[in-house]
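K.L.:
Below you will find the structure I want to go over with you.
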Amino acid sequence: MKKIIYIMTCGMVTLLTSCSDYLSTPPQSSFSDEIVYSNEKLTENRIFHIYSGFAETNSHRGRFQPYYGMNTDIEIYNGTDLADPASLCTYSTSPTNSQMSGTSDPNTWTCFYNTIESANVSIRGIREYGDPAPGNLMGYFYAEALVLRATFYYDLLRAWGDVPARFEPLTDETIYLEKSDRDIIFKTAAG
């Protein structure tokens, strides 16, 4: 019995160590940024991916748009307690608000920054490989990505005030940025 277990263990170790070269090959279906952003149809698909940030349950669709700033001259949130949705309506959110900064995965903050990161990647890719110019389709996609990034920064500033400003794709050096002044973000976000 010990001999069988020993042989099986040796066989497994040999099998796992001999396959390591095959497990690290790049997938044949992957596209580089140069391929994606030099092709108008693939670039359009990346722009659609930025729009998907509006549809995330914990982003605009389910948290931010339905409640944030609802108490106006025209409409009012009908509730007496200052629970999480009501605090969003009256601009009195707290850091522990489960609707915006809670432990749901991903929370609204993360959804907004994921969308901004997607816009930053697209902006850089179009700038480097797409030849954006006024009047061509790549120029339109470039402007569209800038506007989408600015929209998400605008909503971040409305909800949280001064926030970290990332106008390039994330790197090891920019993962932990200090807050930036909102005036700088307003001037820079749309390119």
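The values are calculated or read from the model by the stated rules, or taken from the named source; none is laboratory data. These numbers come from a predicted model, not from an experiment. We place every Cβ from the backbone using ideal geometry, glycine too, and count neighbours over all the protein chains shown. With ligands, DNA and RNA removed, areas are computed over all heavy atoms of the protein, side chains included. Shrake-Rupley method; radii C 1.70, N 1.55, O 1.52, S 1.80 Å.
K.L.:
Take the conditions free of Cβ contacts under 8 Å to residues at least 60 places away in the same chain, loosely packed, with under 15 Cβ neighbours inside 10 Å and among the hydroxyl-bearing types (Ser, Thr, Tyr) and apply them to TYR140. Does it pass?
P.N.:
Criteria not met by TYR140.
K.L.:
In this structure, does PHE152 turn out to be in contact with a Phe, Trp or Tyr (Cβ under 7 Å, 6 or more places away or on another chain), open to solvent by less than 20 Å² (accessible area, probe 1.4 Å) and at pLDDT 90 or above?
P.N.:
Working: in contact with a Phe, Trp or Tyr (Cβ under 7 Å, 6 or more places away or on another chain): yes; open to solvent by less than 20 Å² (accessible area, probe 1.4 Å): yes; at pLDDT 90 or above: yes.
For PHE152, the condition - in contact with a Phe, Trp or Tyr (Cβ under 7 Å, 6 or more places away or on another chain), open to solvent by less than 20 Å² (accessible area, probe 1.4 Å) and at pLDDT 90 or above - is met.
K.L.:
Loosely packed, with under 13 Cβ neighbours inside 10 Å and modelled with pLDDT of 90 or more: which single residue out of ALA133, ALA83 fits that description?
P.N.:
One residue alone meets the criteria, ALA133.
K.L.:
Would you check if THR57 is of a type in the set (Val, Ile, Thr), farther than 20 Å from ILE35 by Cα, surrounded by fewer than 13 Cβ atoms within 10 Å (Cβ to Cβ) and modelled with pLDDT under 70?
P.N.:
When the stated conditions are applied, THR57 does not pass them.
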